[in-house]
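Down below is the structure, laid out as structure tokens.
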Amino acid sequence: MTDPFTPMPRDGGWAAYTDHARRLAALLHDEQARADRRAADARGGQAAVDQTTHRLAAQRQHLHHLAATLRLPEPHLGVVPPSPVADAGEALRRAGAAAAAADAAAEHAHRRAAQPPLLPGFTPLARNALVYAAAAALGTFASMLMFAVSPDADLGRVPWQLVPWSMCGLPALAFFAGYLTISLVGQPRIDGSGTRSMRAGGAICLVGMPILWLIFIAATRG
């Protein structure tokens, strides 16, 4: 029977034991490190999911507000089917990319809505002046047409009955037509309180048209 108090022979057994102990400690350390990394990845993934969820909720609210501002139908955002991507990190990356693309599209729509539908690349004064000038040109053409078909014109006389229309009526109609056009299609859909350039419109229509009519009469009667 072996005495338990007999000293362990010094034949390398203790060295093997310590070597296995060191390996076990290293394995436990590696396993703990992997567990810590998995826990950190899980916390990071949950934080990314929460951030994406909050971002999508804010984006949904922004889209509803933008649709109401632009007087568009309310967007219907249905339930999205589960992603076929098995990797959670890749799925989150794709979700973030899709959310960024949606934000860019909404920002583009907002910029477009901040510009008027008519001649969006022009300054307000230039755009309004062109609208009033087009209305004045149409009014002047109508005045000249009325003059051409007047019986007095065939007799070589000035059709005085057309003077009130040519000097006041048609210029006023041209001014209000230009003002209405600017109000309808010359203002941005967001904050449509831009200038109508009424002074410029008055100068073009109420002053320019009578001058053109007088020049026309002088040229035809001369």
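Kindly check whether there is at least one residue in the range 175-187 that is within 16 Å of residue 143 (Cα to Cα) and part of a helix (DSSP H, G or I).
Yes; the residues of the range 175-187 include at least one that is within 16 Å of residue 143 (Cα to Cα) and part of a helix (DSSP H, G or I).
Starting from the range 143-157, keep only residues that are at pLDDT below 80 and of a type outside the set (Gly, Ala, Ser), then list their pairs with residues that are open to solvent by less than 60 Å² (accessible area, probe 1.4 Å) and in a loop (DSSP other than H, G, I, E, B) whose Cβ atoms are within a distance under 6 Å, requiring at least 6 positions of separation or different chains.
Listed pairs, sorted by first residue: 152/159.
Those residues that are open to solvent by 60 Å² or more (accessible area, probe 1.4 Å) and touching a residue at least 12 places away in the same chain (Cβ under 8 Å), I need them from the range 186-206; list them, please.
Scanning the range 186-206 gives 189, 191, 195, 198, 206.
Six or more apart or on different chains, Cβ under 6 Å: which pairs go from a residue in the range 115-138 that's open to solvent by 40 Å² or more (accessible area, probe 1.4 Å) to one that's not in a loop (DSSP other than H, G, I, E, B)? Could you list them?
117/185; 118/185; 119/127; 133/204
Return the pairs, sorted by first residue and then second, in which the second residue is open to solvent by 80 Å² or more (accessible area, probe 1.4 Å) and basic (Lys, Arg), the first residue lies in the range 47-70 and is over 11 Å from residue 99 (Cβ atoms), the beta carbons are less than 7 Å apart, and the residues are 6+ apart or on different chains.
Matching pairs, first to second residue: 70/189.
When the range 191-222 is examined, which residues are found to be modelled with pLDDT of 85 or more and farther than 13 Å from residue 166 by Cβ?
195, 196, 197, 198, 199, 200, 201, 202, 203, 204, 207
Hey, residue 67 hits all of (1) open to solvent by 60 Å² or more (accessible area, probe 1.4 Å); (2) within 17 Å of the chain's Cα centre (by Cα) but one; which does it fall short on?
Tallying (1) open to solvent by 60 Å² or more (accessible area, probe 1.4 Å); (2) within 17 Å of the chain's Cα centre (by Cα), residue 67 fails exactly one: (1).
From the list 99, 109, which one is in a helix (DSSP H, G or I) and either of a type in the set (D, E, K, R) or under 30 Å from residue 198 (Cα atoms) (or both)?
None of the others qualify; the one that does is 109.
Which condition from (1) surrounded by 13 or more Cβ atoms within 10 Å (Cβ to Cβ); (2) in contact with an Asp or Glu (Cβ under 8 Å, 6 or more places away or on another chain); (3) of a type in the set (A, V, I, L, M, F, W, C) is the one that residue 99 breaks?
(2)
Could you tell me how many of the residues in the range 104-114 are of a type outside the set (Asp, Glu) and open to solvent by 80 Å² or more (accessible area, probe 1.4 Å)?
Total satisfying the criteria: 3.
The values are calculated or read from the model by the stated rules, or taken from the named source; none is laboratory data. This is a predicted model, so every value here is computed, not measured. Backbone-built Cβ (ideal geometry, glycine too); neighbour counts: all protein chains shown. In case anyone asks, the SASA skips ligands and DNA or RNA and just uses the protein heavy atoms, side chains included. Shrake-Rupley method; radii C 1.70, N 1.55, O 1.52, S 1.80 Å.
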